[in-house]
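The values are calculated or read from the model by the stated rules, or taken from the named source; none is laboratory data. As the structure is a computational prediction, the values presented were derived from the model and not from experiment. Ideal geometry is used to build each Cβ from the backbone, glycine not excepted, and the neighbour counts take in all protein chains shown. Note: accessible area is taken over every heavy atom of the protein model, side chains too, but ligands, DNA and RNA are not part of it. Shrake-Rupley method; radii C 1.70, N 1.55, O 1.52, S 1.80 Å.
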Amino acid sequence: MTDVTDETPETPETFETAETAETPELPEDHRELINDLSGIVSDYPYVEPELALTVLVDAAKDAFAPAAAPAPGSRALRERTGYAVLLYATCWYVCHRLAETGVPAAYTEAANALSAALAPAACACACADGPGSHPNDLDDPEYVVEVGVALLSEEGRAYFAEEYEPEPAEMAAYDCPAFLDHLAGEVRLAVSSG
């Protein structure tokens, strides 16, 4: 006599372990954006920099358009944060390579729009140290491009958390209005010095 059980056999689709769990991935268009912007900030562009950065700053202006404060975890908050970081990552290139174009003025407009949308830009970090806990590892433009693109989407944030293992307070600090306003000020300063 055969022993019959009601258990569903384990198949690759139903059985998952830590070794087989999928690592979060960035959407394809975000991987392309990282590639394009990394080429620009490393001064070996694969795309036309003026066009790519104009598209970037236009998307940032849309994300910074005046509206009620975005809800925590919302798409609007992710985009505001991601684009602020991306403008910061690319502003040196705009200052030094595109100074004679309309791109620096567009970056200034975007930075002003971000600051206006954040007003008042009080520190809202969940971390005990306040502004001292804001991200300060933003010296490598290629890394900052990867961070900025990752911050644009939920999938990107999951990828970033898996790849770099930041503490929750570290992740939350990227969304802090005071931190974003600081980045806007840095963008304004960089593009005005060109």
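At-a-glance table
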{"quantity": "From Glu25, Glu50, residue being at pLDDT below 95, open to solvent by 50 Å² or more (accessible area, probe 1.4 Å) and of a type in the set (Asp, Glu)", "calculated": "Glu25"}
{"quantity": "Residue in the range 173-194 that is nearest to Ala119 (Cα to Cα), counting only those that are open to solvent by 40 Å² or more (accessible area, probe 1.4 Å) and modelled with pLDDT under 95", "calculated": "Asp181"}
{"quantity": "Selection count where residues are open to solvent by less than 70 Å² (accessible area, probe 1.4 Å) and either part of a helix (DSSP H, G or I) or not aliphatic (A, V, I, L, M) (or both), scope the range 53-76", "calculated": "13"}
{"quantity": "Meets criteria (under 18 Å from the mean Cα position of the chain (by Cα), of a type in the set (Phe, Trp, Tyr), modelled with pLDDT of 90 or more and buried (at least 16 other Cβ atoms within 10 Å of the Cβ)) for Tyr93", "calculated": "yes"}
